[in-house]
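Chemist: Let me begin by handing over the structure; questions about it come next.
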Amino acid sequence: MAAWGGVRGLRACAALMAGCAAAPAFAALPTAESVQSAYDAARIANADRHELDLVIEDAKCSAMKAGGYACQIDFVRRTAPEKRLYFDVITLDERDGQWVLLSGLCVKKSR
């Protein structure tokens, strides 16, 4: 129980209901900031597939049994005057201390 932060940690695991028993005690769920940094790195690596102006507003993530995390995210586009809220489901994982976008947020069509 101490590894998950006591009762509060158990409540968080119960709320997620996705592989908490298998998740290591040191693993933290990705946040909106985590997703933004993974998206920014993916955009730099492959600008042809990613728009330049996405801002991640919120991320609701859970651990996947096979490893990594699945997240429902809300985002806006900086250049959109109406600030319309979009959502997507993405997967990401932590590798070498960095969050890596595995799928999702590919908003440009491949040529």
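Chemist: Given the protein chains as shown and a 1.4 Å probe, how many square angstrom of PHE87 are accessible, to the nearest 10?
Modeler: PHE87 exposes around 140 Å² with every protein chain in place.
Chemist: Next question, about the same structure. Take the solvent-accessible surface of the protein heavy atoms, probe 1.4 Å, and return the percent of it on the stretch 21-100 that carbon and sulfur atoms account for.
Modeler: Percent of accessible area from carbon and sulfur atoms in the stretch 21-100: 53.
Chemist: Further question on the same structure: If you rank SER103, SER34 by how much accessible surface each has, with a 1.4 Å probe, what is the order from largest down?
Modeler: SER103, SER34
The values are calculated or read from the model by the stated rules, or taken from the named source; none is laboratory data. Given the structure is predicted, the values throughout are model-derived calculations rather than measurements. Areas reflect the complete protein model, heavy atoms only, side chains present, ligands, DNA and RNA absent. Shrake-Rupley method; radii C 1.70, N 1.55, O 1.52, S 1.80 Å.
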